[in-house]
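Student: Sending over a structure as structure tokens; questions will come in a sec.
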Amino acid sequence: MSMRHIAVEGIDGAGKDFQADRLVRRLVGLGERVVRHREPDEANPIGRLIRSLLAEGEFPKAHMPLFLADRLASRPRVQEFLASGGWVVQSRCWLSTLVYQADLWPDDLLWALHDECDLMTGRIFLLDVPVDVALARMGDRKRECFETGGHLQNCRYRYLARVGWPGLDI
């Protein structure tokens, strides 16, 4: 795990992409080499499939294994860049799966799978915003299946409950 691998987390509408992009600009301005990564990774077919399933709300129990496969597919590229001394800044990471899939899969299984696959991130910045603010930020865009007020509220509580977990540096 590299401290040059940073993830920005939070519920949908929290501003993850906005803040990750700002961090990238800051690091580049300091002369650092930076790769901006997003999950799901739409540069590979697995990520594109996930995005489609999220948009249609189909097969929710299949999302976790697909996100795991998406992370494993991206892992060599991320690790190679980190090994070369670069920074990786991403929106979303394994923690999203623990939070968003908690109704469908046991925590211990989700944690063990990501730990076993060495998919942990060096630093995670959690953006905490009230659900009504997050929904307002989304505006009128088409919502994905997890972007409902009740589900986002549950996810917000789950993120906050995980702050301070051993081995989780938020």
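The values are calculated or read from the model by the stated rules, or taken from the named source; none is laboratory data. Everything numeric in this text was worked out from a predicted model, so none of it was measured. Note that each Cβ is placed from the backbone with ideal geometry, even for glycine, and that neighbours are counted across all protein chains shown. To get the accessible areas, we keep the full protein, side chains included, count just its heavy atoms, and leave off ligands, DNA and RNA. Shrake-Rupley method; radii C 1.70, N 1.55, O 1.52, S 1.80 Å.
Student: From Val34, Val8, grab the single residue that is open to solvent by 20 Å² or more (accessible area, probe 1.4 Å), among the hydrophobic types (A, V, I, L, M, F, W, C) and in contact with a helix residue (DSSP H, G or I) (Cβ under 8 Å, 6 or more places away or on another chain).
Tutor: The unique qualifying residue is Val34.
Student: Identify, by number, the condition in (1) surrounded by fewer than 19 Cβ atoms within 10 Å (Cβ to Cβ); (2) among the charged types (D, E, K, R); (3) at pLDDT 95 or above that Lys16 doesn't meet.
Tutor: That leaves (1) as the condition not met.
Student: Continuing with the same structure: For Val131, all conditions in the list (1) over 21 Å from Glu32 (Cβ atoms); (2) at pLDDT below 95 hold save one; what is the number of the exception?
Tutor: (2)
Student: Are any residues in the stretch 96-135 open to solvent by 60 Å² or more (accessible area, probe 1.4 Å), among the hydrophobic types (A, V, I, L, M, F, W, C) and either part of a strand (DSSP E or B) or in contact (Cβ under 8 Å) with a residue 60 or more places away in the chain (or both), and if so, which ones?
Tutor: Correct list: Phe125 only.
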